[in-house]
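Everything below concerns the one structure shown next.
What follows draws every value from the coordinates through simple rules; no lab data is involved. Just so we're clear, the structure is a prediction, and the values are computed from it rather than from any experiment. Neighbour counts run over all protein chains shown; Cβ positions are idealised from the backbone, glycine included.
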Amino acid sequence: MQIANLDGLRLHYHVEGPENGTPVVFANSLGTDFRMWDPIMPYLPEGLRILRFDKRGHGLSDTPEGRWSMGNLVRDIEQLMDLNGFKNTIFVGLSIGGLIAQGLAAKRPDLMRAMVLSNTAAKIGTRDMWAERIKIIENGGLEAAVDGTMERWFSAKFRDTEEFHGWQNFHLRTPARGWTGCADAIAGTDFLSSTSGLRLPTLGIAGSEDGATPPDLVRETTALIPGSEFHLIKGAGHLPCIEAPQEYAGLLTKFFAAQGVS
């Protein structure tokens, strides 16, 4: 188990791969921990130096008191990357992880050579929408909203599988305070202006059945960055790395190759 103490905040993370490998960071969604990426790991090219982490309030990381901003979340991974020597990195961010990617790219361009914006946007939802969801979770826990979340996250076909129930339980293990803290950070984030100023190789990925960040929203955000690419995974929802791991990993592998990763 790897735990980093970042100015008193303890973050759980995992680094794997050769020390001289191409650095890649994965940032997962709200309501998951870094095991969300497990399904794609066997399909990625060898030789990568991979950093995955549990953001604050999730997995085995601390859940600090007070309100959190997206700036706090960006600062967390910035410190973690500096601690582990991750520079000139390819950053893969899904949902809130994609917001973190955009914030870090604007703040620390030296840390990122390319990024993948998966099932995300420069602005996700509205303050009122997030306030309503936060109130539901505060009053009844994640169980009170799980049905709606799962409908937004997974395709109807996937929800009929036995595997789906495991991922639903995975989501329900998230501390309610971790979910609401990060949801509050999302509510206050609008990166439309800063993301439109980014100039780095970018791949956007969307799922055709995504009810949380619909394909057009992902496409519009990706298009803010000149020269970016966009790919739609048909039949998948908000977490295509779970529903279509081989296709998802194949897209990453092709994008990595375009960045000089053999």
| On average over all directions, what projected area in square nanometres does segment 56-176 have, based on the convex hull of its Cα atoms? | 8.7 nm²
| query | How large is the charge dipole for the chain, taken about the Cα centre, if only the Cβ atoms of Lys, Arg (+1) and Asp, Glu (-1) carry charge, to the nearest 20 debye? | reply | 560 debye
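Let me have the relative contact order for the chain, percent, based on Cα pairs under 8 Å that are six or more residues apart.
21 percent
Per the helix-only calculation at 222 nm, which mean residue ellipticity applies to the chain, given -39500 (n - 2.57) for every DSSP H run of n ≥ 4 and division by its residues, nearest 500 deg cm²/dmol?
Working: 11 runs with 107 residues, N = 262.
Counting only the DSSP helices, I get -12000 deg cm²/dmol.
For a footprinting-style exposure proxy, rank Glu65, Glu247 by other Cβ within 10 Å, fewest first. Walk me through the intermediate numbers first.
Working: Glu65 8, Glu247 19.
Least crowded to most crowded, the residues run Glu65, Glu247.
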| note | Most exposed to least, judged by fewest other Cβ atoms within 10 Å, Arg75, Arg152 sort to Arg152, Arg75
| field | For segment 1-64, alpha-carbon Rg over 2.2 N^0.38 Å | value | 1.15
| said: Which three extents, in angstrom, do the Cα atoms of segment 146-193 have along their principal axes, listed largest first? | reply: 40, 25, 14
| remark: Note to self: Kirkwood Rh of the chain, Cα pairs, one decimal, Å, is 18.1 Å
